[in-house]
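Everything below concerns the one structure shown next.
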Amino acid sequence: MNEIETKIKEAERELEQETHNLARLKNRKTYYENGERQKRAHRLITRGAAIESIMPEIKTLSEVEFYELAEKIFALPEVKNLIAKDVN
């Protein structure tokens, strides 16, 4: 029986190690996913702040009004051309 008990304890130890490794990998995955989310949030915040600094009146618009204005601005041919030029 001693040999069986030793094998059981060894298997339990290995299971514990693998459980720990799995938890570590899940934490790493979450870290990378959150990192991308944080970068996106930072980019959106800084760009929104830039828009407000250029045109402070934007602050008084509702969210719907802001989106309608943005759609109108980005539909202008001059703006489309500038963006295409700057992106390329």
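Read-outs throughout are calculated quantities, based only on the coordinates presented, and are distinct from any laboratory measurement. Computed from a predicted structure; not experimentally measured. With ideal geometry, Cβ positions are generated from the backbone for all residues, glycine too; neighbour counts draw on all protein chains shown.
Here are a few candidate values for Rg and Dmax of the Cα atoms in Å: (1) 27.1, 84; (2) 18.8, 61; (3) 12.7, 38. Which one was actually calculated from the structure I just gave you?
Only one option fits the structure, namely (1).
Taking 0.36 nm per intervening residue step and subtracting the Cα-Cα distance, what contour gain separates Leu82 from Glu3 on full extension? Present the calculation step by step, with values, prior to reporting the outcome.
On the way: separation 79, 0.36 × 79 = 28.44 nm, distance 7.65 nm.
That pair, Leu82 and Glu3, stretches by 20.8 nm at full extension.
If you take the beta carbon distance between Ala50 and Ala23 as r and set R0 to 41 Å, what does 1/(1 + (r/R0)^6) give as a FRET efficiency, to the nearest 0.05? The partial results should precede the final answer.
On the way: r = 40 Å, r/R0 = 0.99.
Plugging the Cβ-Cβ distance into 1/(1 + (r/R0)^6) gives 0.50.
Neighbour counts of other C-beta atoms within 10 Å: give me Phe66, Phe74 arranged from fewest to most.
On the way: Phe66 15, Phe74 10.
Exposure proxy ranking, most exposed first: Phe74, Phe66.
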